[in-house]
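**Q** Below you will find the structure I want to go over with you.
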Amino acid sequence: MRVLFTTAAWPSHYMFMAPLAWAFRAAGHEVRVAAQPHVVETVLASGLTAVPVGPDLDFAALHRRFVAETDPALYRTRDAIITIFHRVAEMMAPDLVAHAEAWRPDLIVRDPVAFAASVAGQVVGAPVVRHAWGPDLYGTDPGKWLAHHVLERLGPTYALYGVEAPETFDRFAVDPTPPALRIDAPGQSVPMAYVPYNGPGVVPSWVLEPPDRPRVCITWGTFTSTATDQPEMFLVPKILDALAELEVEPVLAVTAAERALLGGHRPGVRIVQDLPIHTVLPSCSAVVHHGGATTVLSAARFGVPQLTMPHLFEQRLNSDLLEAAGACVQLTAGQAGVPAIRAAVAELIRPDAPQAAASRALREQILAMPPLASAVDRIESWLRGGAAADLDG
C-alpha cells in the first residue's frame, strides 16, 4: 500500500506524524511525506522520503505580516487565520495534486491544517485521515468554524481540478491523546499511544546522571516566540528570573532564533540548542512552557508535572484540559509575573505535589493506549473494507 503523509508549514507538525509514518513503513508499506520546502530537511532527518510541494514558506513570517497588515477587527474575528490557511493550501495544491496523480497513493494522512491534502484525495480517489497533533481542534467550535470556512474558500480549487468539494475534509482521525485530555471530534477516531519524537540529536552525558537539585526544563516551542512582533510573548527571560531564586537546575531548550532573544549570560542555566526534549524530560521534576501540544504530550508521556503560560487558542485549549486533569498549573498572560512563576514551580517540584501524582496517572493512561501498530492494522482493515468499515469496531 502507498501512504502519502502531508504536512504544512511547521516542522513540529510533521514530528507528531513521524512515528505513525514509520509504523506504516515498518509494516511494509511505501511511505512518502509531502511537505513544503521549509519542512523537507526535518523529514529527511527522520529517515523518510520527502516530496517538496509548493513554494518555500516561513509561516511565522507570514503570520507576523498578517498581524501587522490585517484590520484588527478582522483579525480578532479570525478572518486572517482563515486567509492564511487557505493561502497555504492553494500554494501546496498544484505540486501535491501532480504528485498524487503520478504516484497514486492508496491513503493520505494529513496534518490538521494541511487542507490541500483533501484536494489531492478528491482528485485521485484516496481516502484522507486526519492526524491530530494533540487534543483534536475539530472537536471545538473554533476548529469547526475554521474547517467550514477554509473548505468553503477552497471550492474554486476543487473545481479547477474537475472534482467537487467534499462535505467535510475527512471523516476519520488518529488521536494520540490520553482519555483525560481527549476531545470528541465529528466522525470516527482511532486512539493510539503517543510516541514522543522531537527530531534527532545526541544524548548529552549529563542527562544520564541524577541531578543534585530538581531539574526544570524550560521550552518555548518553535513558533510562539516568533509568531508576532510582540516581545512580551517570549516569556523565557522572566521564567529564568523566577527560577534564579529557587534551588533548581534550569535546563533551557531553545532554537537558534530564540537564543538570540535571551540577551546576556545566565549563570547557573544549562542552555541546550536544538536538543530533542524527549531526551531531557525523563530526568526532570517539572517543565515550564507555552502550552504547545508537543510539550504537553511529551511531558505527560514521562509523567512530568507542567507549568503552562499559553497565548494562542490551541495552547489555551491544551492548558485547560491539562489543568482539568490536575497535571499542571496554568498562568494567564496577566498572571505570569516572576513571583507567580516562582511559586508555581516551587509547588510542582514538591515530591507530594498533587500535579505530580496526576502526571503519573496521565503517563499510565498513555502506556495503556493501543500501540502504533494497532492503529496501522485498523486503518488497513478499514481500507480493505472499501473505506466503509467502522474504524472503532
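Here, each number is a calculation from the coordinates, and none is a lab measurement. Because the structure is predicted, anything quoted here is derived from the model rather than measured. Cβ atoms come from the backbone with ideal geometry, glycine included; neighbour counts cover every protein chain shown.
**Q** Calculate, for ALA324 and THR168, the FRET efficiency according to 1/(1 + (r/R0)^6) with r their C-beta to C-beta distance and R0 41 Å; round to the nearest 0.05.
**A** On the way: r = 28 Å, r/R0 = 0.68.
The value I calculate is 0.90.
**Q** Neighbour counts of other C-beta atoms within 10 Å: give me ASP175, ASP352, ASP170, ASP56 arranged from fewest to most.
**A** Values: ASP175 25, ASP352 6, ASP170 22, ASP56 11.
So the ranking, lowest neighbour count to highest, is ASP352, ASP56, ASP170, ASP175.
**Q** Between beta-carbons, use under 13 Å as the cut-off and find the net charge around LEU246, counting Lys and Arg +1, Asp and Glu -1. Display every interim value, and only then the final one.
**A** On the way: positive: ARG213, ARG215, ARG342, ARG350; negative: ASP241, GLU245, GLU247, GLU249, GLU347.
Around LEU246, the charge tally is -1.
**Q** Full-extension gain between ARG259 and GLU152, please, as 0.36 nm times their residue separation minus the C-alpha to C-alpha distance.
**A** Details: separation 107, 0.36 × 107 = 38.52 nm, distance 4.04 nm.
Gain in length upon complete extension: 34.5 nm.
**Q** Using +1 on the beta carbon of Lys and Arg, -1 on that of Asp and Glu, and nothing else charged, what's the dipole of the chain about the Cα centre, debye to 20?
**A** Values: 29 positive and 40 negative charges, 79 e Å.
In total the dipole reaches around 380 debye.
**Q** Under 10 Å, Cα contacts only: if you run a Gaussian network model on the chain, which one of GLU364, GLU245, GLU314 comes out with the highest mean-square fluctuation?
**A** Comparing GLU364, GLU245, GLU314 in the GNM, the peak value goes to GLU245.
**Q** Here's a follow-up. Take ILE271, ILE379 and order them by how many other Cβ atoms sit within 10 Å, fewest up front.
**A** Values: ILE271 17, ILE379 26.
Fewest to most other Cβ atoms nearby, the residues stand as ILE271, ILE379.
**Q** Can you figure out the FRET efficiency of GLU347 with ARG2, using R₀ = 51 Å and their beta-carbon distance, to the nearest 0.05? The partial results should precede the final answer.
**A** Values: r = 50 Å, r/R0 = 0.99.
Computed FRET efficiency for GLU347 and ARG2: 0.50.
**Q** Here's a follow-up. Dividing the alpha-carbon Rg of the stretch 110-170 by 2.2 N^0.38 Å yields what? Provide the component values of the computation, followed by the final result.
**A** Numbers: Rg = 11.4 Å, N = 61, 2.2 N^0.38 = 10.5 Å.
Compactness ratio reported: 1.09.
**Q** Taking 41 Å as R0, compute the FRET efficiency from the Cβ-Cβ separation of GLU41 and GLU364 and round it to 0.05. Walk me through the numbers before you get to the answer.
**A** On the way: r = 36 Å, r/R0 = 0.87.
For GLU41 and GLU364, the calculated efficiency is 0.70.
**Q** For the stretch 280-286, just list the computed ³J(HN,Hα) in residue order, Karplus coefficients 6.51, -1.76 and 1.60, θ = phi - 60°, integers in Hz, with x standing in for Gly and Pro.
**A** Values per residue, Gly and Pro as x: 9, 4, x, 9, 9, 8, 6 Hz.
**Q** Pop out the ³J(HN,Hα) list for the stretch 375-384 in order, Karplus 6.51 cos²θ - 1.76 cosθ + 1.60 with θ = phi - 60°, rounded to Hz; leave Gly and Pro as x.
**A** 4, 4, 4, 5, 5, 4, 4, 4, 5, 5
**Q** Related question: For the residue pair ASP274 and GLN335, what label-to-label distance in nm results when each label sits 7 Å from Cα along the Cα-to-beta-carbon direction?
**A** Going by the 7 Å Cα→Cβ label model, 3.7 nm.
**Q** Still on this structure, please answer the following. Among PRO200, LEU96, PHE169, whose Cα lies farthest out toward the positive end of the dipole of the chain, if unit charges sit on the beta carbon of Lys, Arg (+1) and Asp, Glu (-1)?
**A** Sorting the options by dipole projection puts first PRO200.
**Q** Next question. Could you point to the residue in LEU160, PRO191, PHE115 farthest towards the positive end of the chain's charge dipole, with +1 and -1 charges on the Cβ of Lys/Arg and Asp/Glu respectively?
**A** The one lying farthest along the dipole's positive direction is PRO191.
**Q** Within the stretch 340-374, find all residues whose amide N lies under 17 Å from a label point positioned 7 Å from the Cα of GLU245 along Cα-to-beta-carbon.
**A** Backbone N within reach: 340-348.
**Q** Taking only DSSP H segments of four or more residues, each worth -39500 (n - 2.57), what value at 222 nm results for the chain once the sum is divided by all its residues, to the nearest 500 deg cm²/dmol? Show your work: numbers first, answer last.
**A** Numbers: 15 runs with 165 residues, N = 393.
That calculation yields -12500 deg cm²/dmol at 222 nm.
**Q** Taking the chain as a Gaussian network, Cα atoms linked when under 10 Å apart, which of VAL202, VAL31, VAL163 shows the biggest mean-square fluctuation?
**A** VAL202
**Q** So what is the relative contact order for the chain, in percent, with contacts set as C-alpha pairs under 8 Å and at least six apart? If you can, show how the numbers build up before the last one.
**A** Details: 725 pairs, mean separation 58.9, N = 393.
Relative contact order of the chain: 15 percent.
**Q** In 20 Å bins starting at zero, report the fraction of Cα pairs in the chain per bin as a rounded %.
**A** Histogram of Cα-Cα distances, whole percents per bin: 28, 58, 14, 0.
**Q** So what's the gap between the Cα centers of the stretch 132-166 and the stretch 95-131, to the nearest angstrom?
**A** Between the Cα centre of the stretch 132-166 and that of the stretch 95-131, the gap is 13 Å.
**Q** Using a simple spin-label model with points 7 Å from Cα along the Cα→Cβ vector, what separation in nm is obtained for TRP103 and ALA27?
**A** Distance between label points: 1.7 nm.
**Q** Moving to a separate point now. Springs between alpha-carbon pairs under 10 angstrom, Gaussian network model over the chain: which of GLU249, GLU167, GLU347 fluctuates most?
**A** So, out of GLU249, GLU167, GLU347, the one fluctuating most is GLU167.
**Q** Give me the net charge for the shell around GLU30: Cβ to Cβ below 14 angstrom, other residues only, Lys and Arg +1, Asp and Glu -1. The partial results should precede the final answer.
**A** Working: positive: ARG2, ARG25, ARG32, ARG104; negative: ASP106, GLU380.
After counting each charged neighbour, the total is +2.
**Q** What's the Kirkwood radius of the stretch 205-367 in Å, using all Cα pairs? Mind showing how you got there, number by number?
**A** On the way: mean 1/r = 0.0643 Å⁻¹.
Hydrodynamic radius (Kirkwood, Cα pairs) of the stretch 205-367 is 15.5 Å.
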